[in-house]
1. Can you tell me which residue within segment 395-425, out of those that are surrounded by 22 or more Cβ atoms within 10 Å (Cβ to Cβ) and part of a strand (DSSP E or B), is modelled with the lowest pLDDT?
2. State all residues of segment 345-369 that are surrounded by fewer than 13 Cβ atoms within 10 Å (Cβ to Cβ) and more than 15 Å from Trp110 (Cβ to Cβ); if no residue qualifies, say none.
3. Please identify the pairs in which a residue from segment 583-600 that is over 20 Å from Trp542 (Cα atoms) has its Cβ atom under 8 Å from the Cβ atom of a residue that is basic (Lys, Arg) and in a loop (DSSP other than H, G, I, E, B), counting only partners at least 6 apart or on another chain.
4. Glu457 versus (1) modelled with pLDDT of 90 or more; (2) part of a loop (DSSP other than H, G, I, E, B); (3) more than 23 Å from the chain's Cα centre (by Cα): which is the lone unmet condition?
5. Inspect all residues belonging to segment 426-435 and state whether any of them is touching a Pro at 6+ places or on another chain (Cβ under 6 Å), at pLDDT 90 or above and under 30 Å from Ile33 (Cβ atoms).
6. In this structure, does Lys466 turn out to be among the basic types (Lys, Arg), part of a helix (DSSP H, G or I) and surrounded by 19 or more Cβ atoms within 10 Å (Cβ to Cβ)?
7. Would you list the helices (runs of 4 or more DSSP H) that sit entirely within segment 259-336 and hold 3 or more residues that are at pLDDT below 90 and of a type in the set (Lys, Arg)?
8. Do we find a residue being out of contact with any Leu (no Cβ under 7 Å at 6 or more places or on another chain) and small (Gly, Ala, Ser) anywhere in segment 589-606?
Amino acid sequence: MILVSQNSESSNPKVLTQKSPNATEEIPKIAQICRTPECLRLGNRTRILMNPKIKPCDDFYEFACGNFANSSKTWSETYRYQVENEQKLWELVENFEPTTKSERILKIFWGKCRQKNNLEPIFKDSWKNASLTQLLIEIAPFFLADKEQILINKIFSGRNNIMEMKLEIGQQYKPKNRTNRDKLVDFREIPVPKFMNLTQYIQFLLPENERKLAENWKVLVVKKEFEALENYLGNATNLKSVRNMLMNKWREKLGSYLVKKRKNIGCLKKAQKLFGGTLSMMFINKYIGLKTVEKANILSEEIRNEFIEQIEKSTWIDKKSKKLLKEEAKLLGISIGIPDEFKNPENIEKMYSRIEKPENQSYLELVENLLKMNMEETFLRVAQAQKITYYAKSLHYAGFLPKSFRISLSAFYLTYPKIHKNLPDWSMKVNFGRIVAHELGHAFDAKKFGKNFEHIEYPKKKMNRKTRKEFDRRIGCLISQYDKFEFPDGSKSSGKRTKNEDSSDKIGFDLIFRILQRDLRNSSKIMEKLQGLEEFSIEQNWFLTFASYHCQIPYDKNLIELYRKESHSARKFRVNGIVMNSPEFSKAFQCEPGSLMNPKEKCELFDEK
């Protein structure tokens, strides 16, 4: 097996040929080299990031990423590729010729946003000169002095002076084909629809729309959201105060579309928020292709099946809990590249058909109508008991959506180096599949394991206490490990705060590397090393590309402060935390038992390998 020498005095990793009874034997078929331009680019980039003076068994992150600060102008490797994708998207929006109504409206929006010398009014004539408060609201985004801004903040921070609005907007409604995990309440006030947060709701509830909404709406009310709204409105008795508060919120929303309006990146971000489905389809058709999307979906299903198999093999999970977990995994929605509701182009066009004569609207009028359109669409889908995936606020998005119980990855996650037709199949699994597996892991992480059974029609849906206790013990192992990670200033990480992300990292890594090991054992599958990393074994290629994706600038005071509040562990800890618990890593790099990257006690969420 090909191994990296751990001689720290060498300027380059030294190649040794050594047979180990614990190492996977390579066969000539697997030892081929991928020499496409994409493989050369990724292989060379991975090598440039490395610091060969560090021993991989002492600190694998520093070994794989120690030279990042000297080889990059961005703060992280992931952001570097995000910038590349944003540049592609910019060129696409600048130069495309519209063929549909949604694309035509996008073109009009883009032109209005890019205008340099226009001044946009925020409110229409009906709101002008009504009161000092409204005048202050209207001019606030442009030239208010500090004193006036303080006055506005004082007016709208007095929540006790805002009445509890009593608008009859419908009745409690629970569709037969949906179970609701939150306790519904009998409401007589403003309902907050499921899947919509409070801010969205306040933005949408303009005075001129409130009675229109009151006519035929039936919406779900979630108890905690209802209580949040009650607390927000307080117990005042003046309807005008409430309307002013709502208009102030609306002013804040529209004002945000002016702040960065004259900067190119600002228009691009706003376009992603308002035209998520349209831009996703355009980007996929131009740069990715539907075959790549299909390939990504096939891998996602393979990851789901691997998770179900690992649940079945885990001897510490009781029979009933296994059944519940497997059923839950089968019900988990997976949306890759574009929201499910937008996969049919007719759905996109139907939604944008509500925008009439966009060319005659000012920039902010068009923004306002587009925002209303998106919120109305969400209302409609809730009322019709349809699950919402996401309206892409950004084409760079990956996440687990607990309310609709689905994971979603947007179009940027289907680009190099995560996926490319000229990269080896294993590279797609390490870079893209691991992210899918991580998000799947969030459905069963430290917080949610055994608590998502609302989706299953089953008489008794409670997890066995013994099983949950054993899972908590295994999570405790991770917490203990991550508590010991130390920042350069001597402060420690908090495993308790980051346990949900850490457990998802662990689940995602285990699923992907089990799939890779199965592929490695399959003699019919050829695994090519990256050109530039030829002297490393195929397993070492996996780990190096995995680590390089997490490379970022060194931890200064500001970055440390950020990670003290973050739900994610610092990237160095995410990499080292994974490999410390990986027997495959220790075998690949021949780490001695008891070394920093091969501790005697390893944490496993599934059964031990």
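The values are calculated or read from the model by the stated rules, or taken from the named source; none is laboratory data. If you're wondering where the values come from, they're calculated on a predicted model, not measured in any experiment. Glycine gets a Cβ as well: all are built from the backbone with ideal geometry, and neighbour counts include every protein chain shown.
1. If we take residues in segment 395-425 being surrounded by 22 or more Cβ atoms within 10 Å (Cβ to Cβ) and part of a strand (DSSP E or B), then Arg406 is modelled with the lowest pLDDT.
2. Here is the first cut: in segment 345-369, the residues surrounded by fewer than 13 Cβ atoms within 10 Å (Cβ to Cβ) are 346, 353-354, 356-357, 359-360.
The answer is Glu346, Ser353, Arg354, Glu356, Lys357, Asn360.
3. Hits for this filter: Pro593/Lys600; Gly594/Lys600.
4. (1)
5. yes
6. Spelling it out, it is not the case that Lys466 is among the basic types (Lys, Arg), part of a helix (DSSP H, G or I) and surrounded by 19 or more Cβ atoms within 10 Å (Cβ to Cβ).
7. It comes to 264-274.
8. Yes, some residue in segment 589-606 is out of contact with any Leu (no Cβ under 7 Å at 6 or more places or on another chain) and small (Gly, Ala, Ser).
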